[in-house]
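Heads up: the structure comes next, in structure tokens.
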Amino acid sequence: MVLEKLGSALKNSIRKLAGRGFVDKEILEDMSRDIQRALLQSDVNVKLVFELTKKIKDRAFNEKPPSGLTQKEHVINIVYDELVSFLGGKAQEIEIKPARILLMGLFGSGKTTTCGKLAKFYKKKGLKPCLIACDTYRPAAYEQLVQLGEQIGVPVFGNPKEKDSRKVMEEVLKKTGKYDVIIADSSGRDALNPNMIKEIEDLNNILKPEERVLVISADLGQKAEEQSKSFQEAVGITSVIITKMDGTAKGGGALSACAYTGAQVKFIGTGEKIESLEKFDAERFISRLIGFGDLKTLVEKAKEVGAEKTAEKIVSGKFTLEEFYEQIEQMQSMGSLSQITKMIPGFSKLGKKLPGNFMDIQEEKMKKFRYIIDSMTLEEKKNPDLITGSRIKRIADGSGCNESEIRELLKMYKQSRKMMKMMKPGRRGSSFLKQFGI
Ligand SMILES: Nc1nc2c(ncn2[C@@H]2O[C@H](COP(=O)(O)OP(=O)(O)OP(=O)(O)O)[C@@H](O)[C@H]2O)c(=O)[nH]1
Ligand SMILES: [Mg+2]
């Protein structure tokens with residue numbers, strides 16, 4: 001994961017803080033050094049790192065905790081807040097409305113692939129996107145985009161015979177009238193050079209895009225500064241997309257590009273496939289690193305498969321046996337379970353502890369659980385704690401299952417409930433901090 005080192009440094013710092021009687025200069029300096037080291041190792045520019053830790057220390061020394069928060073909780077909140085604003089602040093909603101979008105960046109940064117991913121994103125949201133192939137520099141760039149367009153059923157406009165991208169842009173804009181999101185690919189170079197910058201300025205003047213997106217790869221490192229500044233000066237970047245987030249444990253250079261451009265990272269690319277595009281949310285990102293768990297993402301994933309209500313209940317720790325069953329079923333249909341469970345700290349561990357592995361219940365067993373639940377009274381389903389000795393026997397007879405299978409289901413349910421209550425997302429720094437003993 002990107003910024004992996006920062007994640008472990010933060011968790012470590014929180015543990016150290018927990019083990020300390022009170023917050024003093026020494027522990028804050030220690031924390032600041034840990035964060036500095038981790039960020040430097042993740043390729044963040046040294047000046048930015050020192051600015052950031054200075055802010056954290058200044059606030060931690062000078063600010064009084066708001067009522068209801070202990071000094072320690074307050075320090076953790078400051079670290080969280082400052083890291084979030086370092087990564088561009090609270091994510092803004094991505095507006096789903098007609099737009100012209102121009103992508104730019106160096107060779108191989110992922111522009112063409114990202115054009116396809118964005119088109120798919122907008123199409124899914126109900127808009128009518130089209131793609132424009134304005135990379136006349138890389139051989140077969142047009143064909144690459146056409147292939148992506150075919151994959152997602154989005155038209156591609158271009159002219160593989162024309163060598164001047166400005167002419168292509170002028171020509172195709174006459175044909176894109178009925179599309180509401182126009183996404184233009186542009187050509188890269190192996191390094192920043194005046195030709196590329198001139199070309200992007202010209203394309204920008206012809207297309208007049210609302211969104212001018214800098215595409216950079218997560219492993220770019222310190223070069224992010226120079227690149228983002230040049231594109232910023234040329235056309236004024238409105239947002240950044242970082243690709244290949246799946247491929248590096250560093251990524252700090254790219255992620256802090258917003259510090260130079262003032263433009264937010266809006267999306268991240270997390271794989272080569274066309275669906276591997278995620279909205280970037282600094283709050284979520286830092287929460288995940290610290291281990292708050294990414295409950296927001298879980299609920300969003302659930303929304304996509306229509307499982308929102310139960311997911312919310314599960315997350316809140318209040319759910320009936322029926323809802324628990326539904327949740328397992330829905331989670332199983334959500335696809336990448338391991339990804340989902342990773343978002344909740346401790347959840348995957350819980351999965352391993354449970355008999356038969358909660359995340360991996362076989363179809364046969366799911367059927368038995370269904371029969372068991374169907375043999376329960378309404379009261380029992382709502383309050384499974386009622387189910388003991390004689391009730392278990394009755395349910396076993398009614399469902400044709402063994403008593404041990406009923407106990408297994410009840411055990412899973414109770415353990416999950418306990419776990420979820422413990423991790424209930426409430427005030428940041430409350431239940432979460434208990435994990436660390438604060
Ligand atoms: N793992 C991973 N690979 C990616 C991602 N985005 C793009 N790629 C891969 O990166 C390579 C370059 O991607 P392109 O989209 O062709 O990059 P480009 O910026 O258009 O490159 P040029 O046209 O040469 O300037 C391809 O092999 C992509 O499959 C990502 O998010 N994750
Ligand atoms: Mg390309």
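Across the range 165-185, which residue is nearest to ligand 2 (Cβ to nearest atom) among those that are touching a strand residue (DSSP E or B) at 6+ places or on another chain (Cβ under 7 Å) and not in a strand (DSSP E or B)? Filtering the range 165-185 for residues that are touching a strand residue (DSSP E or B) at 6+ places or on another chain (Cβ under 7 Å) and not in a strand (DSSP E or B), the one nearest to ligand 2 (Cβ to nearest atom) comes out as SER165.
Residues in the range 132-141 that are in contact with an Asp or Glu (Cβ under 8 Å, 6 or more places away or on another chain) and within 9 Å of ligand 1 (Cβ to nearest atom): 2 in all. Based on what the data block shows, is GLY188 surrounded by 15 or more Cβ atoms within 10 Å (Cβ to Cβ), within 20 Å of ASN205 (Cα to Cα), modelled with pLDDT under 95 and within 16 Å of ligand 2 (Cβ to nearest atom)? Yes.
Within the range 142-157, the set of residues being touching a Cys at 6+ places or on another chain (Cβ under 9 Å) and either hydrophobic (A, V, I, L, M, F, W, C) or within 14 Å of ligand 1 (Cβ to nearest atom) (or both) comprises LEU145, LEU148, GLY149, VAL154, VAL156, PHE157.
Among the conditions (1) within 29 Å of the chain's Cα centre (by Cα); (2) more than 11 Å from ligand 1 (Cβ to nearest atom); (3) at pLDDT 95 or above, the only one that LYS125 does not satisfy is (3). Does LYS111 qualify as being closer than 30 Å to GLN222 by Cβ, basic (Lys, Arg) and under 25 Å from the mean Cα position of the chain (by Cα)? Considered against the rule, which asks whether it is closer than 30 Å to GLN222 by Cβ, basic (Lys, Arg) and under 25 Å from the mean Cα position of the chain (by Cα), LYS111 comes out as yes.
Comparison of LYS161, LYS97 shows that the only residue that is more than 12 Å from ligand 1 (Cβ to nearest atom), in a loop (DSSP other than H, G, I, E, B), more than 21 Å from GLU275 (Cα to Cα) and charged (D, E, K, R) is LYS161. Here the condition is being among the polar types (S, T, N, Q) and within 16 Å of ligand 2 (Cβ to nearest atom); of THR243, THR248, it holds for THR243 alone. Looking at this structure, is ILE94 within 23 Å of the chain's Cα centre (by Cα) and surrounded by fewer than 20 Cβ atoms within 10 Å (Cβ to Cβ)? Judged against the criteria, ILE94 is a match. When the range 235-252 is filtered for residues that are crowded, with 18+ Cβ neighbours inside 10 Å and in contact with a strand residue (DSSP E or B) (Cβ under 9 Å, 6 or more places away or on another chain), the ones remaining, listed by number, are VAL235, ILE237, THR238, SER239, VAL240, ILE241, ILE242, THR243, LYS244, MET245, THR248, GLY251. Of the set (1) within 16 Å of ligand 1 (Cβ to nearest atom); (2) of a type outside the set (Phe, Trp, Tyr); (3) in a helix (DSSP H, G or I), all apply to GLY108 but (3). Checking each residue in the range 111-139 for being of a type outside the set (Asp, Glu), crowded, with 16+ Cβ neighbours inside 10 Å and within 12 Å of ligand 2 (Cβ to nearest atom) picks out LYS111, THR112, THR113, THR114, CYS115, GLY116, LEU131, ALA133, CYS134, THR136, TYR137, ARG138. Please indicate, with yes or no, whether at least one residue in the range 119-128 is assigned to a loop (DSSP other than H, G, I, E, B), hydrophobic (A, V, I, L, M, F, W, C) and more than 20 Å from ILE268 (Cα to Cα). So far as the range 119-128 goes, yes, one or more of its residues are assigned to a loop (DSSP other than H, G, I, E, B), hydrophobic (A, V, I, L, M, F, W, C) and more than 20 Å from ILE268 (Cα to Cα). Please find, within the range 215-231, the residue that is surrounded by the fewest Cβ atoms within 10 Å (Cβ to Cβ) out of those that are in contact with a strand residue (DSSP E or B) (Cβ under 8 Å, 6 or more places away or on another chain) and under 14 Å from ASN193 (Cα atoms). Only one residue tops the list, namely GLN227. Among residues belonging to the range 140-158 that are assigned to a helix (DSSP H, G or I) and surrounded by 17 or more Cβ atoms within 10 Å (Cβ to Cβ), point out the one that is farthest from ligand 2 (Cβ to nearest atom). Here the answer is ILE152.
Screening the range 228-304 for helices (runs of 4 or more DSSP H) wholly inside it with 2 or more residues that are modelled with pLDDT under 90 and of a type in the set (D, E, K, R) returns the ranges 282-290, 295-304.
Residue selection: GLY317 satisfies the criterion of being farther than 21 Å from ALA396 by Cα and either of a type in the set (Asp, Glu) or at pLDDT 65 or above (or both).
The values are calculated or read from the model by the stated rules, or taken from the named source; none is laboratory data. Note that the coordinates shown come from a computational prediction; the quantities given were computed from them, not determined experimentally. Heads up, the Cβs are rebuilt from the backbone with ideal geometry, glycines too, and the neighbour counts pull from every protein chain shown.
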